[in-house]
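Enquirer: First the structure, then my questions, so here it is.
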Amino acid sequence: MKAFQTFEGLVCPLDRTNVDTDQIIPKQFLKRVERKGFGACLFYNWRFDEKGNKKTDFILNQPDYAGASILVARDNFGCGSSREHAPWALQDYGFRVIIAPSFADIFFNNCQKNGVLAIRLDERKVETLIGCASQGAFHLTVNLAEQTLTGNEFKEKFDIDPYQKELLIKGLDEIAITLNYDNDITAYEQRHAM
Amino acid sequence: MKPRTIIEKIWDQHLIHRENGKPDLLYIDLHLVHEVTSPQAFEGLRMNHRSVRRPERTFATVDHNVPTAQNRETKDSISKIQIETLQKNCKDFGIELADIYSPHQGIVHVIGPELGLTQPGKTIVCGDSHTSTHGAFGAIAFGIGTSEVEHVLATQTLWQKRPKTMQIKVNGQLGIGVGAKDLILAIIAKYGISIGTGHIVEYTGEAIRRLSMEERMTVCNMSIEAGARAGLISPDQTTVDYIKGRRFAPKGAVFEETTRKWLELASDEGASYDRTIEIDASEIEPQVTWGTNPSMGASINDTVPDPESFESEEKRQAARKAITYMDLKPGTPIHDIPIDVVFIGSCTNSRISDLRQAAQIANGKHVHEGVRALIVPGSYTIKKQAEAEGLDKVFKEAGFEWREAGCSMCLAMNDDIVPSGKRCASTSNRNFEGRQGTGSRTHLVSPAMAAAAAIHGHFADIREFATTR
Ligand code: SF4
């Protein structure tokens, strides 16, 4: 996993609630056996019409948001299917940070495992961010160590679980960490006579 | 000792390591694997020269993208590679696979219980959000992502933050013609799709106790649609009777001893939950969703709501978008919504009792002109059972297609797709935009309601036909 320290990027607003993982990456793209290359399929049904032409009214297709790497959306982002293809697609497209008032549990975990920073920010602040980002050309600096978001007038702190923060900052391989507990796992298995 | 919920009991039993400021390290008893969310996990193992710690606690099947047509020939080359990849991975790592022609093949959440793999008190995971289904047996069962699949393969454990607990108490009894699907849809319609976020839900109350195991699975299956990490029901004699004699169930004297332990897991009298909600089962009517998430639902005798009637701008906006996508008009009676496709299947409603209910409605009738209706049993075993009971004949005579087992039109990864702009009455669990095919429109219903819609060509109140639940 790529280590995450500070990050600066263009913010794209996605003014929707309950964005589900079927929208983030539709199922026809889940057949591949690799981890890479899903960015082209991100929000496919919103980005492209039935003939495969770009829908110009969808925000990601607007020239102002080309190269966006921070996504701001509304409540319950990433609900629905557990597909990790959703954060893979977001990351492959270029998103490194997702900000929303709340996330679905599995999606939140999946982001974490891939070094995508999912930030919960209260609704009022998200409203402000969506306002700023809707003007276009709005950049944010995300400082994970300090837990701050800064851009123009906007300056806010955000919360993150300290353990998740450490994993992200160091870019640690969680399986390698767990294997340090091998003795405990074996002892558990013996206690339960497996 | 302080009274505890079943959730706390199972959690504490599986704790390997606990440390302040970190999630808990939990042992995982059973890991179910399927073709779509596993290839990258096995690839990760190979890259790091790791093996599968407990292959015998891992069980795989192919369900998501397999064809459900009679000959089961996979024409799509990419799907084929995905299936072959799982075959190779299972072979290389020593995992039992219920392959496409195996008598055990079926939807992963259907075959786990069917084989007796799913048991009370277990921790169960699968790279699929509807793993919550297995909670019906009093297990902590939840969906995980592919990185976590790799983690469980390598270590048989997961780091998990201790969840909050929620009780959903269902008092009273369900009315005639009202089933488990209506119950869970009504709960989600009332409380929304994120009420359960961060929680494990225990369903309690008289109405839950009266449900069969298959009905309990329907309820727990859709816990994720309420945002919950998992949903479960304390085990009782209904649970024990279901498991007895199944392939992986304990046998003989061990079974009696294990049964005693299972029953002790039930939540203690007076145990407390972080949150409790109560509903009255007798008020629930047959449900139909009208929107693009499972909480956008109504009773059969309601009308499509007016988006402007919602209390917040956010909800008004979401309802406007949904109604436009669904091509509905506010005020239209739910009854009058015409249907093009009917899908009876999925891990929510593809078990033998679901098929029996649908067959009861279909018996002696005919699918309405212009409607395509599919029956997709949840597993090969269910298909055989249904055929032994003659249900396949009832369906075929009524003009339904009788298919092989798989996820099929629940997520339309194979050829079973709802065409763009068409409207489907579906017994599955998600009505998201494009879920059943790009541009498809999904209405979630119970199997009986789906069968009735197939016959009438529009929704109908099942209670006008039903005499028993
Ligand atoms: S039937 Fe549908 S919801 Fe269930 S496992 Fe298959 S795709 Fe997922």
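The values are calculated or read from the model by the stated rules, or taken from the named source; none is laboratory data. Please read these numbers as outputs of a predicted model, since none were measured by experiment. Note: ideal-geometry Cβ built from the backbone for every residue, glycine included; neighbour counts use all protein chains shown.
Enquirer: Among the numbered conditions (1) free of Cβ contacts under 8 Å to residues at least 24 places away in the same chain; (2) closer than 24 Å to B:Pro419 by Cα; (3) more than 16 Å from the ligand (Cβ to nearest atom); (4) surrounded by 24 or more Cβ atoms within 10 Å (Cβ to Cβ), tell me where A:Pro26 comes up short.
Expert: With respect to (1) free of Cβ contacts under 8 Å to residues at least 24 places away in the same chain; (2) closer than 24 Å to B:Pro419 by Cα; (3) more than 16 Å from the ligand (Cβ to nearest atom); (4) surrounded by 24 or more Cβ atoms within 10 Å (Cβ to Cβ), A:Pro26 is out only on (3).
Enquirer: Mind listing whichever residues of the stretch A:116-148 are buried (at least 19 other Cβ atoms within 10 Å of the Cβ) and more than 17 Å from A:Arg74 (Cα to Cα)?
Expert: A:Val116, A:Phe138, A:Leu140, A:Val142, A:Leu144 - these are the residues of the stretch A:116-148 that are buried (at least 19 other Cβ atoms within 10 Å of the Cβ) and more than 17 Å from A:Arg74 (Cα to Cα).
Enquirer: Where in the stretch B:30-137 are there helices (runs of 4 or more DSSP H), lying wholly inside it, with at least 1 residues that are under 23 Å from B:Val240 (Cβ atoms), assigned by TED's automatic domain parsing to the domain that holds B:Ala154 and within 15 Å of the ligand (Cβ to nearest atom)?
Expert: B:108-114
Every residue, every condition in (1) surrounded by fewer than 19 Cβ atoms within 10 Å (Cβ to Cβ); (2) at pLDDT below 95; (3) in contact with a strand residue (DSSP E or B) (Cβ under 8 Å, 6 or more places away or on another chain), yes or no:
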| residue | (1), (2), (3) |
| --- | --- |
| B:Ala186 | no, no, yes |
| B:Lys190 | yes, no, yes |
| B:Gly198 | yes, yes, yes |
| B:Arg210 | yes, no, no |
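Enquirer: Now a separate question. Within the stretch B:398-411, can one find any residue that is surrounded by fewer than 24 Cβ atoms within 10 Å (Cβ to Cβ), away from the ligand (no atom under 14 Å from the Cβ), within 14 Å of chain A (Cβ to nearest Cβ) and not aliphatic (A, V, I, L, M)?
Expert: no
Enquirer: Spot the failing condition for B:Phe343; the list is (1) touching a helix residue (DSSP H, G or I) at 6+ places or on another chain (Cβ under 6 Å); (2) in a helix (DSSP H, G or I), and only one is missed.
Expert: (2)
Enquirer: Looking at the stretch B:311-341 only, could you name the residues that are free of Cβ contacts under 8 Å to residues at least 60 places away in the same chain and either over 25 Å from A:Trp46 (Cα atoms) or buried (at least 18 other Cβ atoms within 10 Å of the Cβ) (or both)?
Expert: B:Glu311, B:Ala318, B:Ala319, B:Ala322, B:Ile323, B:Leu328, B:Gly331, B:Thr332, B:Pro333
Enquirer: Within the stretch B:244-273, which residues are in contact with a strand residue (DSSP E or B) (Cβ under 7 Å, 6 or more places away or on another chain) and of a type in the set (Phe, Trp, Tyr)?
Expert: To start, the set of residues in the stretch B:244-273 that are in contact with a strand residue (DSSP E or B) (Cβ under 7 Å, 6 or more places away or on another chain) comprises B:267, B:273.
Matches in the stretch B:244-273: B:Tyr273 only.
Enquirer: If you don't mind, another one. With (1) closer than 30 Å to B:Asp306 by Cα; (2) within 14 Å of chain A (Cβ to nearest Cβ); (3) touching a residue at least 24 places away in the same chain (Cβ under 8 Å); (4) part of a loop (DSSP other than H, G, I, E, B) as the list, and B:His368 as the residue in question, which single condition is left unmet?
Expert: (2)
Enquirer: Looking at the stretch B:383-392, is at least one residue closer than 27 Å to B:His64 by Cβ, within 16 Å of the ligand (Cβ to nearest atom), away from chain A (no Cβ under 14 Å) and buried (at least 24 other Cβ atoms within 10 Å of the Cβ)?
Expert: Yes: one or more hits.
Enquirer: OK, next. Given the residues B:Ile284, B:Ile233, which is the only one that is crowded, with 23+ Cβ neighbours inside 10 Å and closer than 20 Å to B:Leu30 by Cα?
Expert: B:Ile233 is the lone residue from the list that is crowded, with 23+ Cβ neighbours inside 10 Å and closer than 20 Å to B:Leu30 by Cα.
Enquirer: All but one of (1) farther than 25 Å from B:Arg4 by Cα; (2) among the hydrophobic types (A, V, I, L, M, F, W, C); (3) more than 16 Å from the chain's Cα centre (by Cα); (4) buried (at least 22 other Cβ atoms within 10 Å of the Cβ) hold for B:Val170, so report the exception by its number.
Expert: (1)
Enquirer: Which of the residues spanning the stretch A:20-38 are more than 10 Å from chain B (Cβ to nearest Cβ) and either at pLDDT below 95 or assigned to a loop (DSSP other than H, G, I, E, B) (or both)?
Expert: A:Ile25, A:Gly37, A:Phe38
Enquirer: If you don't mind, there's one more thing I want to ask. Assess whether B:Leu411 counts as being modelled with pLDDT under 95 and not polar (S, T, N, Q).
Expert: Judged against the criteria, B:Leu411 is a match.
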